[in-house]
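Take a look at the structure set out below.
The values are calculated or read from the model by the stated rules, or taken from the named source; none is laboratory data. From a predicted model like this one, the values you see are computed outputs, not experimental measurements. Positions of Cβ are generated from backbone atoms using ideal geometry, with glycine treated the same way; all protein chains shown enter the neighbour counts.
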Amino acid sequence: MENPHASLVLLGASHHTAPLAVREKLAFDDARAAALAGRLQQTPGVREFALLNTCGRVELYGVASSPATVDELRRVLCEVTGCAPADLEGVVVQRDNHEAIAHLFEVASGLDSQIVGEVEILGQVKQAYDRALDRKWTGPVLNRVFQKTFQAAKHIRTNTAIGEGQISIATVAVDLAGKIFGDLATVKILVVGAGDIGLKTVQAFQSRGAKSITVASRTLSKAEEAAAQAGGWAATLAELPDVLANSDIVASSTSAPNAVVTRELVAAAMKRRPARPLFLIDLALPRDIEPEAAKLADVYLYNLDDLAKIAESNLAMRRAEVAKCRAILAERTVQLWPAVAHSLNSDSRPR
């Protein structure tokens, strides 16, 4: 039975539409993501869905049986995030059908990232899809769209120079540190967080010649594993007062829901150290480092949006590659859409 009103829909907010403080309010930790999934599974007309949550975006992809279902998706998103509909006006953008596919293609290929060409986003999209697939949130439409997305992103990485130099948020952060300090061999570095970004940050610092690297994590074994790669030291978050006082650069990327490096903690550390600057680089969303710490003397704080601005200055050399990539992805979108449209309209059964 055909369903002419069914649609593939994207509701999302990103660095294009929302500043860092607003993206923090929309960010999904595991508990909030589970709450949203539970609501969507009980929402009539929602046939499939997947949630993509990164430092630069929060995006809900779904298959809706009717326009009324899309309205319900918006309402559920507001309720779970605690935001009033007016708060999300102009922040949460809707894309439908082939436009949603074209957008996901660009996201997975790194074209829509704050740092254009960055390499981490494809892995994050794959993790989002795997999570949805494992929990049986997806079906024939999203399975096809995501699988074709990965093929398109791989083609872009293989056949263009958009990701040349292994661009990532970690490498931009470390390049910034190098510009500030020059030789990093004698600089004392603290990496807070031993997840994927933390590991990449450690590797990036090491590749730039850093010799003194401490990794702090909530779990000591994870810190020890990350530190071992760089021949560094490991610490727990409980030891932050001591290791912070002994550091010149702090790069933080935990998944904590609240700040782990507070203004009070930084102020105490500054009193215990010689009169020299402390550079803080916040790679997390929600933010790991309280913005008020930047008001302290000799403390300099950079967040994700700051790093994106720095990376933008290096984008000119990749402009031609961006145009080339978009042309390739546009052609693939046109090729994929008829099959997706057929799947949308051949199954009217809601999940």
Just one listed residue, out of Val172, Val202, is among the β-branched types (Val, Ile, Thr), under 21 Å from the mean Cα position of the chain (by Cα) and modelled with pLDDT under 90, and it is Val172
(1) in a helix (DSSP H, G or I); (2) modelled with pLDDT under 85 all hold for Arg332 apart from (2)
The lone condition Lys136 fails out of (1) touching a residue at least 24 places away in the same chain (Cβ under 8 Å); (2) surrounded by fewer than 16 Cβ atoms within 10 Å (Cβ to Cβ); (3) out of contact with any Gly (no Cβ under 6 Å at 6 or more places or on another chain) is (1)
Inset, instruction - Please verify whether the range 185-203 includes one or more residues that are in a loop (DSSP other than H, G, I, E, B), crowded, with 22+ Cβ neighbours inside 10 Å, of a type in the set (A, V, I, L, M) and in contact (Cβ under 8 Å) with a residue 40 or more places away in the chain. - result: yes
**Q.** Residue match in the range 145-164 (condition: touching a Gly at 6+ places or on another chain (Cβ under 7 Å) and without any contact (Cβ under 8 Å) to a residue 60 or more places away in the chain)
**A.** yes
Contact list, first residue from the range 249-270 and closer than 22 Å to Lys222 by Cα and touching a residue at least 40 places away in the same chain (Cβ under 8 Å), second anywhere and part of a helix (DSSP H, G or I) and of a type in the set (S, T, N, Q), beta-carbon distance below 6 Å, six or more apart or interchain, is Ala251/Thr201
Review point. Does at least one position in the range 140-148 carry a residue that is within 21 Å of Pro277 (Cα to Cα), at pLDDT 95 or above and surrounded by 17 or more Cβ atoms within 10 Å (Cβ to Cβ)?
Key: no
When the range 1-21 is checked residue by residue, the ones that are of a type in the set (A, V, I, L, M) and under 11 Å from Gly56 (Cα atoms) are Ala13, Ala18, Leu20
